[in-house]
Amino acid sequence: MSTNQRVDKAKELFLSGYNCAQSVAAAFTDLTQLDEKTVLKMASSFGGGVGHLKEVCGVVSGMALIAGLLYGDIDPADKATKDAHYERVQMVALKFKDEFGTLICRDLLDRADKNPKQEEPYASRPCLVYVENAAEILDSWIKQQS
């Protein structure tokens, strides 16, 4: 699947009612060897900054979920592999932060009126822009890993 197809799928999922984390994560199911329903369930708790607590943005959680499924470590004794994985996750999260100035959901939503990329009907909650950007960041990052 191309970058544009993944971005379009993430946006379509969000516009159909899935949360931000679900939308990003489910756009990458072709790479995870998991079915879409499973990924949607796995990401369902992370919308609105984890259960609507408005902490870390759900799109960042969705990116981290996919990074773990694709490149995560499974040996608790292998500190080097674990550290390398955390570094990879930080790369995608910090790329998002560089673009929008924060990883925190409430801060992103508070800045909505200053976001020139807003699209109706999300003018006051520009989550669609964040979903789109996260899908682009994650897809680009995955291609760099190959």
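Within segment 71-81, the residues that satisfy the criterion of being in contact (Cβ under 8 Å) with a residue 12 or more places away in the chain and either among the small types (Gly, Ala, Ser) or open to solvent by less than 50 Å² (accessible area, probe 1.4 Å) (or both) are GLY72, ASP73.
If I filter segment 28-37 for residues that are closer than 22 Å to TRP141 by Cβ and basic (Lys, Arg), do I get at least one hit? Checked segment 28-37: no residue is closer than 22 Å to TRP141 by Cβ and basic (Lys, Arg). LYS95 - would you say it is modelled with pLDDT of 95 or more and more than 16 Å from CYS20 (Cβ to Cβ)? Here the answer is yes, as LYS95 does meet what is asked. Cβ-Cβ contacts under 9 Å between residues 6 or more apart (or on different chains), taken from a first residue in segment 82-111 that is on the phi > 0 side of the Ramachandran plot to a second residue that is assigned to a loop (DSSP other than H, G, I, E, B) and loosely packed, with under 15 Cβ neighbours inside 10 Å, are listed as GLY101/ARG111. Would it be correct to say that ALA26 is at pLDDT 95 or above, surrounded by 14 or more Cβ atoms within 10 Å (Cβ to Cβ) and in contact with a Leu (Cβ under 6 Å, 6 or more places away or on another chain)? Against the criterion (at pLDDT 95 or above, surrounded by 14 or more Cβ atoms within 10 Å (Cβ to Cβ) and in contact with a Leu (Cβ under 6 Å, 6 or more places away or on another chain)), ALA26 qualifies. When we screen GLY62, GLY58, GLY49 for residues that are at positive phi and of a type outside the set (Ser, Thr, Tyr), the only hit is GLY49.
Table: residues versus (1) within 12 Å of the chain's Cα centre (by Cα); (2) over 17 Å from ASN133 (Cβ atoms); (3) among the charged types (D, E, K, R).
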residue: LEU15; (1), (2), (3): no, no, no
residue: ASP35; (1), (2), (3): no, yes, yes
residue: GLY47; (1), (2), (3): yes, no, no
residue: GLY51; (1), (2), (3): no, yes, no
residue: ILE74; (1), (2), (3): no, yes, no
residue: ASP78; (1), (2), (3): no, yes, yes
residue: GLU87; (1), (2), (3): no, yes, yes
residue: VAL92; (1), (2), (3): yes, no, no
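Among the residues of segment 14-64, those that are of a type in the set (S, T, N, Q) and without any contact (Cβ under 8 Å) to a residue 60 or more places away in the chain comprise SER16, ASN19, GLN22, THR29, THR32, GLN33, THR38, SER44, SER45, SER61.
The values are calculated or read from the model by the stated rules, or taken from the named source; none is laboratory data. Source: prediction; values computed, not measured. Glycine gets a Cβ as well: all are built from the backbone with ideal geometry, and neighbour counts include every protein chain shown. With ligands, DNA and RNA removed, areas are computed over all heavy atoms of the protein, side chains included. Shrake-Rupley method; radii C 1.70, N 1.55, O 1.52, S 1.80 Å.
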